[in-house]
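The values are calculated or read from the model by the stated rules, or taken from the named source; none is laboratory data. Everything quoted here is computed from the prediction, not taken from an experiment. For neighbour counting, all protein chains shown are included, and Cβ atoms are generated from backbone atoms with ideal geometry for every residue, glycine included. In case anyone asks, the SASA skips ligands and DNA or RNA and just uses the protein heavy atoms, side chains included. Shrake-Rupley method; radii C 1.70, N 1.55, O 1.52, S 1.80 Å.
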Amino acid sequence: MTRRSVPATGAATAAALSTTGTADAAPGRCAAPPEPMPVRLEVNGRMRALSLDPRTTLLDALREHLGLTGTKKGCDHGQCGACTVIVGGRRINSCLTLAVMHDGDQVTTIEGLGAPDDLHPMQKAFVVHDGYQCGYCTPGQICSAVAMLDEIERGVPSHVTADLMQVAFSDDEVRERMSGNICRCAAYPNIVAAIRDVAGRGEKA
Amino acid sequence: MRPFSYHRPADPIEAARLAAAHPGARFIAGGTNLLDLMKVQVETPSHIIDINHLGLDRIEKADGGGLRIGALVRNTDLAADKRVREDYAVLSRALVAGASGQLRNKATTAGNLLQRTRCPYFYDTNRPCNKRKPGSGCAALGGYNRGLAIVGTSDHCIASHPSDMAVAMRLLDATVETLRSDGATRAIPIADFHKLPGKAPHVETALAPGEIVTAVTLPAPLGGRHIYRKVRDRASYAFALVSVAAVIRPDAQRFAFGGIAPRPWRVEAAESLDGADAIAASVTDGARTTEQNAFKLTLLRRTLGAVLADARPESRA
């Protein structure tokens with residue numbers, strides 16, 4: 001990792017820091033754009049080196065800088081789930097995190113789960129069960145569903161888990177756990193059917 | 001989003017020193033609330049201090065039989081921890097009642113305590129808000145305030161605290177451990193951690209500038225029946241209108257409430273009373289409601305009644 005000094009904090013502090021950008025800007029005044037910062041991301045198994053304004057979200061890094069437009073920008077505020085990707089095995093909203101916070105992390109997007117001629121079981125199940133209409137939320141739904149089944153497998157409880165010590169798959173669990181992925185076309189029954197199908201076949205990511 | 005300088009300190013003391021050196025700095029952990037606010041320029045930090053690599057992500061046994069939860073333990077991991085599920089079930093229940101699976105994977109223990117209100121006028125930079133811009137006024141008093149607080153408010157602010165987790169922490173008498181840039185540490189009882197708005201609603205916690213939360217400690221388990229009941233406008237992924245956290249034993253009971261106050265709300269004096277009506281009346285004593293949120297008084301009493309019936313099914317007869 002590149003380490004730059006922080007002029008304002010002195011050499012002793014600066015030695016332990018990685019930083020970039022401008023000095024303090026007065027509130028309300030337009031500051032110069034921050035200096036780009038090197039960021040390395042392992043995206044879908046491939047190490048990518050980027051130089052990014054530190055304000056760049058992980059979502060924008062994927063879409064605008066790596067051309068991976070499968071991950072969608074919906075609300076850009078963590079409310080809709082269209083931007084869901086899997087980082088270090090966990091689903092997160094890529095719109096609510098900075099790319100610089102993920103230097104060195106492993107990121108899986110919809111493009112990394114499967115390809116048109118080699119679909120992931122969850123992608124296949126969404127096709128079979130018609131788990132979409134317009135399709136805009138689908139990449140987020142699928143990434144979320146894959147990581148969600150893993151959470152059930154690991155015993156992570158949910159709001160509808162009756163006994164916190166006994167976590168098991170059910171349609172109610174799916175509906176609760178997928179509540180962070182909104183489908184404006186309301187394909188929910190078919191989304192649940194697709195996920196149930198994958199869980200029932202025992203095929204996991 | 002306004003430009004900022006990004007820092008990645010190596011340890012907590014460096015983080016505290018950086019924050020103390022830059023008054024416009026913000027720590028970033030999960031970032032799920034801070035980045036949301038930065039996008040709408042309610043938050044405009046000049047420096048972002050990334051504390052995700054400080055090693056504050058462990059859950060350990062604490063002195064006296066309790067549990068010490070690192071500030072950066074993710075909400076998902078805290079809810080799923082076997083010791084928490086077994087001994088502090090109300091905390092697990094409160095955590096999984098909040099946000100979405102994606103957000104809980106990112107959101108941290110300290111960040112959850114420090115999250116800001118979802119009052120619509122705090123978010124709307126075109127409207128007055130004493131919390132966002134001290135002295136500018138409060139648009140919520142005469143505006144859309146259905147979801148806002150009914151107790152602990154002031155003429156300057158009626159914002160409600162949005163956290164579920166913090167309500168359970170208040171119930172369990174958690175302690176917030178902090179570190180300052182001079183190396184001094186503090187243990188702040190959760191009851192003293194969040195401030196009521198009074199004349200300064202922008203001051204939300206007892207933290208000094210630059211002070212960093214390092215852990216939240218729980219005392220030894222209480223035993224008893226643990227319940228967290230949350231009432232909201234939809235079944236999942238919504239903030240509480242009213243929530244009740246309870247630990248009920250044959251010899252003692254305690255309650256804390258969410259959605260009704262500027263901080264997790266607990267009235268210890270009410271815990272020696274019997275029945276939902278008496279307890280609710282004591283808890284909401286001095287309430288100041290609006291036409292839109294007066295329903296919370298009734299909703300709180302009924303939700304508490306449901307919790308008591310759930311905890312003591314034998315008393316239903």
**Prompt:** Of the numbered conditions (1) touching a helix residue (DSSP H, G or I) at 6+ places or on another chain (Cβ under 6 Å); (2) within 11 Å of chain B (Cβ to nearest Cβ); (3) crowded, with 24+ Cβ neighbours inside 10 Å, A:I110 satisfies every one except a single condition; which is it?
**Reply:** (2)
**In the stretch B:268-309, residue farthest from B:I248 (Cα to Cα) [restricted to those that are open to solvent by 20 Å² or more (accessible area, probe 1.4 Å) and touching a strand residue (DSSP E or B) at 6+ places or on another chain (Cβ under 6 Å)]** = B:L299
**Message:** Anything in the stretch A:39-58 that is within 12 Å of chain B (Cβ to nearest Cβ) and either buried (at least 24 other Cβ atoms within 10 Å of the Cβ) or over 15 Å from the mean Cα position of the chain (by Cα) (or both)? List them, or say none.
**Reply:** A:V39, A:L52, A:D53, A:P54, A:R55, A:T57, A:L58
**Request:** Can you run down the residue pairs with Cβ atoms below 6 Å, 6 or more apart or on separate chains, where the first is in the stretch A:48-74 and touching a residue at least 60 places away in the same chain (Cβ under 8 Å) and the partner is in a strand (DSSP E or B)?
**Result:** A:T71/A:V85
**Asked** If you go through the stretch B:1-42 one residue at a time, how many are assigned to a loop (DSSP other than H, G, I, E, B) and either at the interface with chain A (Cβ under 9 Å from one of its Cβ atoms) or under 16 Å from A:T57 (Cα atoms) (or both)?
**Response** 18
**Asked** Can you tell me which residue in the stretch A:59-84 is surrounded by the most Cβ atoms within 10 Å (Cβ to Cβ), limited to those that are at the interface with chain B (Cβ under 10 Å from one of its Cβ atoms) and in contact with a helix residue (DSSP H, G or I) (Cβ under 6 Å, 6 or more places away or on another chain)?
**Response** A:T84
**Fill in**
Filtering the stretch B:35-51 down to residues that are without any contact (Cβ under 8 Å) to a residue 40 or more places away in the chain and open to solvent by 10 Å² or more (accessible area, probe 1.4 Å) yields B:D36, B:K39, B:E43
**Fill in**
Over the stretch A:124-158, the set of residues within 12 Å of chain B (Cβ to nearest Cβ), among the polar types (S, T, N, Q) and without any contact (Cβ under 8 Å) to a residue 40 or more places away in the chain is A:S158
